[in-house]
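Data block below; observations after.
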Amino acid sequence: MLFFRDRRKRRVCAVGLDGVPHGLLQRLAGESVMPRVAAIIGSGGLREMRASLPPVSSVSWSCFMTGANPAEHGIFGFTDVSADSYQLRFPTFTDLAVPTFWDTLGKQGRRSAVINQPATYPARDIAGALVSGFVALQLEKSVWPRDHLPALERMGYRIDVNTQKAREDPDGLLDDLDATLKARAEAVRYFWEREAWDYFQVVVTGTDRLHHFLWSAVDDADDPRHDRAMTYYRAVDDLVGDLWDRLHQGRPGDREGEGFLLLSDHGFTRLQQDVRLNSWLRESGYLSYEKEDPTSVADISPDTRAFALDPGRIHINTRGRFSQGCVDPDDAPALRQELAERLGSLEFGGRPVIARVFTREEAFHGPKATLAADLVAIGHDGFDLKGTSSVSLTSRECTPGTTPSCGASCRCPMILTYQSQPEQSSNGFPAEAPGPLASRPQSDHGGGRLTCGSTTSAASRRRSPGASWPP
């Protein structure tokens, strides 16, 4: 059914580009790879912002869709650990402890169409339509209402690319990215016309997959697949431009850019080295296993004092917090300080590995803070901090070759809006705290080689009356 909507009603359209850093967006816009994005940025201005802690999609997107700190919404990573069995579990949309903003809009009588939103699987009832994104497993459980499922199946809609084959077949990955983006664009057109929406959102996750597996194709003009990677980004630019045009069509009374938002959840940098923190903890005497060849933290022995989860989250094995906790709660602060200091001095190849270690109190504020890791470590550019349980401390688990071609997440996502940025974000983070919307002055991320940083924002130089939304 097609809806004929009141063109005078103010609406908002958000486009997510997963894993796109501030520096990359600037570069591709400046090199005319993304001319539509360049024009949008030119109407306003580009700023960096801070990402969530830890800077991974499941946490950042949960912060975005709730405006809450992880200790409020309850999502601290792609995995959590059971306090009883130490088994890993994978949080889902049902674990989100606070409402999303489209839930709030629904209570106000407004409808949302949300496509490919990560961390929303399985899909549930919202006022409007929802298609879950990564890490959705089955399309039939990813669509609300289910009435839209047949149409998505007919258009060959894909939740994600086949990451299992990506390492072995880079060219196949590029073909998969193209097909997935084409189907995503078709879904955009479908929901744009068939939902009477007030808020519309689509997230492109293919950018993240391209960076994970073929970062050098994006970052290095001499890479043999560079042209293919740029072709993909031109298609992304076409999608952004199409949504911009659709939002402004038939709305002559609006200021240009009002209600349009472009954002990402984290940034990227070239991966130099995986760093397995559990191996470091083991070698340093803080962790031991009951198996010679452990597969997860479920194999740790009762005398373990600390263990790590992805990415860079270190838990003290505290008595009363974990079933086999051996660290007295009174001794935990001193152990935490010791670990933070030793992590700060960790080097590899003469380079410092850790940029900063946040304590739980620095990173998290809310009723679920006691469930968070005691420490969150952030690596310097190129170091990916893993919670893997294995023998070696470091590895290069990338596409085969002497130089890694894949990328690692970093704290430089971006948000492009047409409103001035507040000194304090809506999720309660002060401007200098590590929250997902806390502002950071532009400094060393304006050009040249891409580096880690924080979130990016393009904010309009014009602030119209009543710019907050919903009106």
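Do we find a residue being loosely packed, with under 15 Cβ neighbours inside 10 Å, touching a residue at least 24 places away in the same chain (Cβ under 8 Å) and on the phi > 0 side of the Ramachandran plot anywhere in segment 161-175? Give the steps one after another, and end with the answer.
Keep residues of segment 161-175 that are loosely packed, with under 15 Cβ neighbours inside 10 Å, which gives 162-165, 168-169, 171-172, 175.
If we keep only those that are touching a residue at least 24 places away in the same chain (Cβ under 8 Å) too, we end up with 163, 171.
Filter once more, so that each one left must be on the phi > 0 side of the Ramachandran plot: none.
No, segment 161-175 contains no residue that is loosely packed, with under 15 Cβ neighbours inside 10 Å, touching a residue at least 24 places away in the same chain (Cβ under 8 Å) and on the phi > 0 side of the Ramachandran plot.
Scan the helices (runs of 4 or more DSSP H) fully inside segment 23-107 and keep the ones with 2 or more residues being within 21 Å of VAL218 (Cβ to Cβ) and among the hydrophobic types (A, V, I, L, M, F, W, C).
Passing ranges, in order: 35-42.
Restricted to segment 130-160, and to residues that are among the aliphatic types (A, V, I, L, M), in contact with a strand residue (DSSP E or B) (Cβ under 8 Å, 6 or more places away or on another chain) and outside any helix (DSSP H, G or I), which residue is surrounded by the fewest Cβ atoms within 10 Å (Cβ to Cβ)?
That would be ILE159.
Limited to segment 183-230, what total is found for residues that are in a helix (DSSP H, G or I) and free of Cβ contacts under 8 Å to residues at least 12 places away in the same chain?
Count: 3.
Among ARG342, ARG319, ARG360, which is the only one that is surrounded by 13 or more Cβ atoms within 10 Å (Cβ to Cβ), within 11 Å of VAL376 (Cα to Cα) and at pLDDT 95 or above?
So the residue among ARG342, ARG319, ARG360 that is surrounded by 13 or more Cβ atoms within 10 Å (Cβ to Cβ), within 11 Å of VAL376 (Cα to Cα) and at pLDDT 95 or above is ARG360.
Restricting attention to segment 216-228, and to residues there that are buried (at least 22 other Cβ atoms within 10 Å of the Cβ) and modelled with pLDDT of 95 or more, which single residue is nearest to the chain's Cα centre (by Cα)? Walk me through it before giving the result.
First pass over segment 216-228, keeping only residues buried (at least 22 other Cβ atoms within 10 Å of the Cβ): 216-218.
From what is left, the residues that are modelled with pLDDT of 95 or more are 217-218.
Numbers: ALA217: 21, VAL218: 19 Å.
Here the residue is VAL218.
Within segment 1-28, can you find the residues that are modelled with pLDDT of 90 or more and farther than 22 Å from HIS212 by Cβ?
Correct list: ARG11, VAL12, CYS13, ALA14.
The values are calculated or read from the model by the stated rules, or taken from the named source; none is laboratory data. Keep in mind that what you see is a predicted model, and the values were worked out from it rather than measured. Quick reminder, even Gly has a Cβ in these numbers, built from the backbone with ideal geometry, and neighbours come from all protein chains shown.
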